[in-house]
Every structure is written in C-alpha cells, then in structure tokens.
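The structure under discussion appears below in the form of structure tokens.
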Amino acid sequence: MPEANDTAGPEPEAEPETEPEGVGRRVSLLAREIARRGPNALKPLLSAEQLGNLSEGERHQVRKRLRVELYALASILADGSVRRALDQRPSYSPYGLVRSMHSQMRMILADPGPVEEGTVDSFRALGLAYVDTTVFHLDQHFKERRAVDSVWLLDRLEKVLGLFRVDADPGLRARLRDGFSFLYGGLHFGTSVSVQLAEVMARKLEPFPLDAAEKARVLLRSNRPAFHLAAVNVAHVVPAHQYLLAGPTGDAPWMDPAHFVIQEVDGRPVRIGLREDELPGLAAIPTTYPTLGCPARVSPSGGTSAIGMLWAWCAELARDLGLLGAASRAPAAE
C-alpha cells in the first residue's frame with residue numbers, strides 16, 4: 001500500500017457500514033464461519049422449482065435471507081482473487097500488471113506477459129491494464145479452486161445464483177448468469193472506478209504544491225467515494241456512475257471534479273470525498289432488489305475488503321507510473 005506506515009496526518013477512513021441492518025457485518029461473520037466449517041456452515045437450499053412455486057412475497061423473503069450467503073461466498077472469492085494479484089506482483093515486474101488482452105479482445109491469456117515499463121502513460125491506459133490484471137487473476141483463482149477440495153464453494157455459489165435468477169429483471173440476468181460473471185462484474189467495477197476516482201482526485205490536487213508521494217498519501221486516505229459507489233444497488237450502479245461523469249473529453253468522459261470536495265488541514269489537502277449533497281442519492285440502497293451492491297465490498301475476515309485493496313494498489317500504481325507527477329520508484333508494499 002502507498003507508504004501507509006510513514007503517512008503523517010489522518011489515517012485512511014474506515015470502510016463504511018452502509019448496508020441496511022448491518023448486512024456487511026453479517027456477511028463477514030458468515031464468511032468466517034464458512035472458512036472454519038466449510039459446507040457444514042450452510043443450510044440446505046430450495047430448488048429453483050420450489051422457489052418458483054412460492055408467492056412473490058415468500059420468494060423475496062427467501063432471497064433476502066440468501067443475500068447474506070451470496071455475499072459471504074462472493075467475498076471469499078473476491079478476496080482470494082485480489083490477494084492473488086497482490087501476491088503475484090513480483091512475477092510481473094515492473095508494476096505487477098499483466099496484459100491479458102481482456103480489455104481489448106475480451107479474452108484471457110493463459111500466460112500473459114507483464115505490462116512493459118513506459119507503456120502506461122495515462123489513467124485510461126492504467127485502467128485497461130488494471131482490468132486485464134484483475135480479470136486474469138480472477139480466472140486463475142477460480143481454476144485453482146476447481147483443482148482442489150474447495151470446488152464445493154464454487155458449486156454452492158452457482159446454486160445460490162440460480163435461485164436469484166428466478167424471475168430476475170432481464171437487466172440483471174447477465175450479472176447473475178454464473179459465479180464468474182457475478183465476481184467479474186464486481187471486480188471490474190472496483191478496478192475501473194478506482195482508476196477513474198484516482199484521476200479526478202489528481203485533477204483536484206493539481207493546484208497544490210505536492211509531490212507524487214504526498215498526493216498518493218491523500219489518495220490512500222480518500223477511499224470513501226469508492227465504498228459509496230460499491231454500496232449502490234446492482235440495478236443502480238450505471239446511473240450512479242453516469243451521474244458523476246463530466247462529459248466527453250477525448251476518447252472517454254471523466255468524472256466531474258465539481259462533485260468532489262477537498263478536506264484541508266492548515267491549507268494542505270488531507271483527503272478527498274464526495275460533496276455531502278451528493279451522498280443521499282448514492283448511499284440510498286433499495287431493499288426490494290435481489291442483490292445489494294458490489295460483491296467485493298465486504299471483507300470475509302473483517303479487515304480490508306477487495307475494493308479497499310484495489311483502491312490502495314491504484315494509489316500506489318498512480319504514484320509509481322508518474323501519473324501524479326514526478327515520482328521515484330518505491331518497492332511494492334508487503
């Protein structure tokens with residue numbers, strides 16, 4: 001993580017508990033129970049046919065209970081995928097990023113090469129490389145689990161998703177198609193939004209006389225916007241994201257800096273967040289939909305979630321790639 005140990009001033013904000021009824025805490029507790037007891041931690045499931053025979057209200061109540069299990073299973077897989085990416089950084093020098101070609105051709109190379117030094121010269125290029133990297137390690141993590149006894153977890157996730165597909169809105173069915181698609185959507189979101197948020201924060205910091213290391217420390221503390229967006233209901237992610245865009249500039253739009261505010265101490269920026277008047281619309285999470293938010297937003301261990309790890313690595317990459325100004329290369333944090 002970007003120089004977390006020698007950061008002066010306020011620490012990164014804690015990951016917010018934005019879900020109704022403490023869903024995040026219950027997800028984390030169940031994930032830990034699954035890690036301890038395996039499939040014995042879970043109750044038998046209805047079949048899709050049995051669920052379809054229930055009334056609409058009864059189906060909603062069943063899926064409301066299953067949301068906790070769905071996100072517990074997904075959080076374990078998201079956590080493992082992101083930790084694999086971080087652990088594998090030394091194998092793909094200089095940045096730990098790989099070119100799996102997914103962002104260009106929707107394919108995943110079995111043995112991708114590292115992203116070469118000097119080829120990532122913009123936040124857009126970083127976003128493409130970061131998506132390639134995240135999707136590659138997600139694919140590898142699934143394959144590794146299928147090769148060992150933990151394949152039961154993947155099978156259970158498929159069965160749970162099958163229950164959420166019963167009478168699901170057509171717009172959600174692609175996300176609920178299978179376990180990989182469900183996790184892919186969350187990690188792709190976490191990766192791409194992290195890069196876009198880092199870009200808009202870099203723009204907000206341009207007027208300040210800070211070097212790249214100082215800017216990276218501000219970004220590290222400014223994790224809350226990523227968690228707010230990750231908590232938006234799956235059905236509302238796209239509108240919430242589009243709301244923050246400023247309009248086309250070059251190849252793609254960027255987020256509008258006017259939606260963000262800098263918190264200062266003695267005239268120096270400490271962290272960047274969404275303006276308070278933006279939060280009600282983004283933080284409101286309807287409870288009538290079958291899923292809630294990004295499947296990578298809760299930590300299965302009670303520590304840093306996959307979204308949190310992706311955000312922290314994004315700040316580190318932005319610094320090391322020179323996207324925050326002149327920077328000296330620093331060794332990857334343990």
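The values are calculated or read from the model by the stated rules, or taken from the named source; none is laboratory data. What you see is a predicted model, and the numbers here were worked out from it, not measured in a lab. Note that we place each Cβ from the backbone using ideal geometry, even for glycine, and neighbour counts take in every protein chain shown. Just so you know, the surface numbers come from the protein's heavy atoms only, side chains and all, with ligands and any DNA or RNA stripped out. Shrake-Rupley method; radii C 1.70, N 1.55, O 1.52, S 1.80 Å.
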*So is Gly308 modelled with pLDDT of 90 or more and under 15 Å from Val27 (Cβ atoms) or not?*
yes
*Is it true that some residue in the stretch 267-281 is open to solvent by 40 Å² or more (accessible area, probe 1.4 Å) and modelled with pLDDT of 90 or more?*
yes
*Scan the stretch 204-218 and give yes if some residue there is open to solvent by 30 Å² or more (accessible area, probe 1.4 Å), farther than 30 Å from Asp256 by Cα, assigned to a loop (DSSP other than H, G, I, E, B) and out of contact with any Lys or Arg (no Cβ under 6 Å at 6 or more places or on another chain), otherwise no.*
no
_When you check His60 against the structure, is it touching a residue at least 24 places away in the same chain (Cβ under 8 Å) and closer than 20 Å to Ala306 by Cβ, yes or no?_
no
_Scan the stretch 121-132 and tell me whether some residue there is free of Cβ contacts under 8 Å to residues at least 60 places away in the same chain and among the hydroxyl-bearing types (Ser, Thr, Tyr)._
no
*So, of the residues in the stretch 48-107 that are open to solvent by less than 60 Å² (accessible area, probe 1.4 Å) and charged (D, E, K, R), which turns out to be farthest from Leu161 (Cα to Cα)?*
Arg89
*Can you name every residue in the stretch 84-116 that is farther than 15 Å from Thr191 by Cβ, polar (S, T, N, Q), touching a residue at least 24 places away in the same chain (Cβ under 8 Å) and assigned to a helix (DSSP H, G or I)?*
Gln104
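Every residue, every condition in (1) open to solvent by 60 Å² or more (accessible area, probe 1.4 Å); (2) closer than 29 Å to Tyr71 by Cβ; (3) within 22 Å of the chain's Cα centre (by Cα), yes or no:
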{"residue": "Thr133", "(1), (2), (3)": "no, yes, yes"}
{"residue": "Gln140", "(1), (2), (3)": "no, yes, yes"}
{"residue": "Leu154", "(1), (2), (3)": "no, yes, yes"}
{"residue": "Lys159", "(1), (2), (3)": "yes, yes, no"}
{"residue": "Leu163", "(1), (2), (3)": "no, yes, no"}
{"residue": "Ala168", "(1), (2), (3)": "no, yes, no"}
